Amino acid sequence: MKYDNNITVTPLPEFDADGLLPPGDYVLTLDELRESPLVLGPVDGTARPNWDTEWRRHLVDNLGVLIDQLRAVEVTRVFVDGSFVEDKDHPNDIDGYFECDLMHFVRGELERDLNLLDPQKVWTWDRASRRPCRGYTKAQLPMWHAYRVELYPHAPGLLSGLKDEFGNELEFPAAFRRSRRERRARGIVQIGGLT
């Protein structure tokens, strides 16, 4: 099966021994994501009584709202990861990035166009817009507060603010394909069927 840009789909594997999605890019439509082990839980026979399927399904539904807005402004490549692609029973959120036109972003048109679509006007990546949330050490973007999803714009040359083990700042594609704790390589899900 093929999706966007002739990417060949690799079946979603089980989590590795460290609880990470094995390295690779896995293409799933939103419907396929809803029915995947990332939402329904591992299928390896391991009993996971605390696996929060309803919460994970809720996160995917919220992701769908934001993806619909991105599609409306002609963004067709969206990638998700974070604790959502790990064997964490109740991930805090879905993290991800999307590919966009650099000048559309730099001129503020992307943010403006997306906020015209979102009733809560959550599309901003300005550090000053971050607010604290009880129980969390880091202040969060308005998008996180409204949807528990954080999607960041990416164009070649845009840095993520995240660093590798040598202190080099990474672009989103490299940063989001590593776990933050151990900086181990892990897989990422590309949302397919957006074109």
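Laboratory data are not the source of any read-out in this text; all were calculated from the coordinates shown. If you're wondering where the values come from, they're calculated on a predicted model, not measured in any experiment. No Cβ is skipped: glycine too gets one built from the backbone with ideal geometry, and neighbour counts run over all protein chains shown.
Quick rundown of the values:
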| item | result |
| --- | --- |
| Residue in segment 30-39 that is free of Cβ contacts under 8 Å to residues at least 24 places away in the same chain, surrounded by fewer than 18 Cβ atoms within 10 Å (Cβ to Cβ) and part of a loop (DSSP other than H, G, I, E, B) present | yes |
| Residue among S129, S179 that is out of contact with any His (no Cβ under 6 Å at 6 or more places or on another chain), surrounded by fewer than 17 Cβ atoms within 10 Å (Cβ to Cβ) and not hydrophobic (A, V, I, L, M, F, W, C) | S129 |
| Test for L162: is it touching an Asp or Glu at 6+ places or on another chain (Cβ under 9 Å), without any contact (Cβ under 8 Å) to a residue 12 or more places away in the chain, surrounded by fewer than 17 Cβ atoms within 10 Å (Cβ to Cβ) and farther than 25 Å from E32 by Cα | no |
| Test for R148: is it surrounded by 15 or more Cβ atoms within 10 Å (Cβ to Cβ), in contact (Cβ under 8 Å) with a residue 40 or more places away in the chain, on the phi > 0 side of the Ramachandran plot and under 18 Å from the mean Cα position of the chain (by Cα) | yes |
| Enumeration of residues in segment 46-87 that are of a type in the set (S, T, Y) and either assigned to a helix (DSSP H, G or I) or touching a Leu at 6+ places or on another chain (Cβ under 8 Å) (or both) | T53, T76, S83 |
